[in-house]
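Asks: Would you mind keeping the following structure in view while I ask a few things?
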Amino acid sequence: MQLLSIGIPNELKNGSDFLEHGLKDMKTEGIDVNVNLDNRGNITFFNIDVEDKASYKNITKIRQHISDIISDIIVNQIDKKLIKKIIDKYYNYFNSDEKQRIANIANGILDNDVNRETFKLVKKEKIFIEIEDFLKDNETIDIEGFVNFRLRDFIGELSEVVDRAVDEYLMQKEYDEFIGLLKYFVELQDSKIDVLNILVDKCGKFRFFDKDNNPITGEFLSDITVEFSGGELSDDDMLISTLIAMAPAKIYIHSANNLKSKEALDTVKKIFSDRVFICNGCSLCAAHEARK
């Protein structure tokens, strides 16, 4: 006696495996079902039936199991396919590489720890209820068709995630281009100092020393930083500005663990690449530690 027929796109191999695993779990709970596969082009239907009336009495429980399995497939696998479709439809002016990067960002947003515990769980519960209600009146469910016609809100929310991913991608692209320009500028200019030692104190402030560990202060540093006095600068901005103006041949960063933001260090590395060295302990570090 056939109870339900579930259509899964063939490209979702993991979805099929997940469904088969879920059906096996049902058997361990004493619900004996048989599954016959019916391949119809791009979709494989899993036809679920029972052989005895005792198992048929568990129809409500079977629907709940199936609804749970399908809702899991939707929020963890179909969502990735939908994200790709949304990008292809609304952001077709990006090239294939850019689209993939945007998709990766969007999937990362959905799969981070916070969203996994909030967005996905909440959406799965709502989708579970929708599927369970649908299966009360329908024996056949095409998962992809169900999503397209019954879960418009879910698609809308994924569209918002894609919009956010596009914004993040464009910001990152702009940042990378800016870093590229700074790197090019640094490579063109002559170094004003051979070696610059940067000590990060326990408050995250930067102190500058020459190759002999003598403090760099006063007029020299003022002349350098005055070039970048067009607006308010954070400590990190001032660090980057000073380094660009000095264009040191070598940069040694001491007590990097005291940095308030690791982004500043990443930016310095991107601009100056092989000129940057992270100190793991030296006489300058020791002298600073002794003064604490």
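Asks: Mind telling me which of the residues 4, 19, 37 ends up being at negative phi, at pLDDT below 80 and not aromatic (Phe, Trp, Tyr)?
Replies: Result of the check over 4, 19, 37: 19.
Asks: Something else now. One residue is enough: does segment 176-199 have a residue meeting the conditions crowded, with 17+ Cβ neighbours inside 10 Å, within 30 Å of residue 41 (Cα to Cα) and of a type in the set (A, V, I, L, M)?
Replies: Taking every residue of segment 176-199 in turn, none turns out to be crowded, with 17+ Cβ neighbours inside 10 Å, within 30 Å of residue 41 (Cα to Cα) and of a type in the set (A, V, I, L, M).
Asks: Would it be correct to say that residue 269 is at pLDDT 90 or above, surrounded by fewer than 18 Cβ atoms within 10 Å (Cβ to Cβ) and not in a strand (DSSP E or B)?
Replies: Considered against the rule, which asks whether it is at pLDDT 90 or above, surrounded by fewer than 18 Cβ atoms within 10 Å (Cβ to Cβ) and not in a strand (DSSP E or B), residue 269 comes out as yes.
Asks: Keeping to segment 204-218, report how many residues are surrounded by fewer than 16 Cβ atoms within 10 Å (Cβ to Cβ) and free of Cβ contacts under 8 Å to residues at least 40 places away in the same chain.
Replies: Number of matching residues: 8.
Asks: Looking at segment 123-144, can you tell me whether even one residue there is exposed (fewer than 13 other Cβ atoms within 10 Å of the Cβ) and hydrophobic (A, V, I, L, M, F, W, C)?
Replies: Looking for residues that are exposed (fewer than 13 other Cβ atoms within 10 Å of the Cβ) and hydrophobic (A, V, I, L, M, F, W, C), one finds at least one in segment 123-144, hence yes.
Asks: Further question: Part of a helix (DSSP H, G or I) and either among the aromatic types (Phe, Trp, Tyr) or at pLDDT below 95 (or both): does that describe residue 47? Let's see the steps before the verdict.
Replies: Working: part of a helix (DSSP H, G or I): no; either among the aromatic types (Phe, Trp, Tyr) or at pLDDT below 95 (or both): yes.
It is false that residue 47 is part of a helix (DSSP H, G or I) and either among the aromatic types (Phe, Trp, Tyr) or at pLDDT below 95 (or both).
The values are calculated or read from the model by the stated rules, or taken from the named source; none is laboratory data. Computed from a predicted model, the values in this text were never measured in an experiment. Cβ coordinates were reconstructed from backbone atoms using ideal geometry, including for glycine residues, and neighbour counts include every protein chain displayed.
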